[in-house]
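Novice: Structure below; questions to follow.
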Amino acid sequence: MRLAPVLALSLAAMEAAAHDYPTSGRVEFVLECMQRNAGKQEFVYKCACVIDQIAQKYSYDDFVEASTAARYQSLGGERGGLFRDPPQTRDSAKRFMQVQAEAMQRCDVP
């Protein structure tokens, strides 16, 4: 059965591609993370570690959706209701915040 190793490699490649983030998305995350930490150079590596940890849990599209929901949970008014009110969106935001908090702890980001 030589097909099994080929199939396993193909599945692994598809999984890796599913969690491959564009460079610009990773850079944006790292820059925002650094800014929240006084722009200190040491956070380049720590914040890169965080986005790498998150990328293991979310495809890029799911990351964008969940992080957007989390970011706008406190947005007031009607527009904010899109992010606060639907239970699925609240759950997605909550899960993302947990994943991010765990990643920050593992990567020593306050």
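The values are calculated or read from the model by the stated rules, or taken from the named source; none is laboratory data. Treat the numbers as computed from the prediction; the structure is a model and nothing was measured. As a convention, Cβ positions derive from the backbone with ideal geometry for all residues, glycine included, and neighbour counts pool all protein chains shown. What goes into the accessible areas is simple: the full protein's heavy atoms, side chains included, and nothing from ligands, DNA or RNA. Shrake-Rupley method; radii C 1.70, N 1.55, O 1.52, S 1.80 Å.
Novice: Picking from ARG95, ARG84, ARG26, which residue would you name as being open to solvent by 90 Å² or more (accessible area, probe 1.4 Å) and not hydrophobic (A, V, I, L, M, F, W, C)?
Specialist: ARG95
Novice: Looking at the range 66-90, which of its residues are among the charged types (D, E, K, R) and closer than 26 Å to PRO110 by Cβ?
Specialist: Of everything in the range 66-90, those that are among the charged types (D, E, K, R) and closer than 26 Å to PRO110 by Cβ turn out to be ARG71, ARG90.
Novice: Limited to the range 14-48, what total is found for residues that are touching a residue at least 60 places away in the same chain (Cβ under 8 Å) and among the hydrophobic types (A, V, I, L, M, F, W, C)?
Specialist: The total comes to 3.
Novice: Now for a different question. GLN41 passes all but one of (1) outside any loop (DSSP other than H, G, I, E, B); (2) open to solvent by 40 Å² or more (accessible area, probe 1.4 Å); which number fails?
Specialist: Of everything listed in (1) outside any loop (DSSP other than H, G, I, E, B); (2) open to solvent by 40 Å² or more (accessible area, probe 1.4 Å), GLN41 misses just condition (1).
Novice: Additional query: For the range 54-88, how many residues are at pLDDT 90 or above and part of a helix (DSSP H, G or I)?
Specialist: 17
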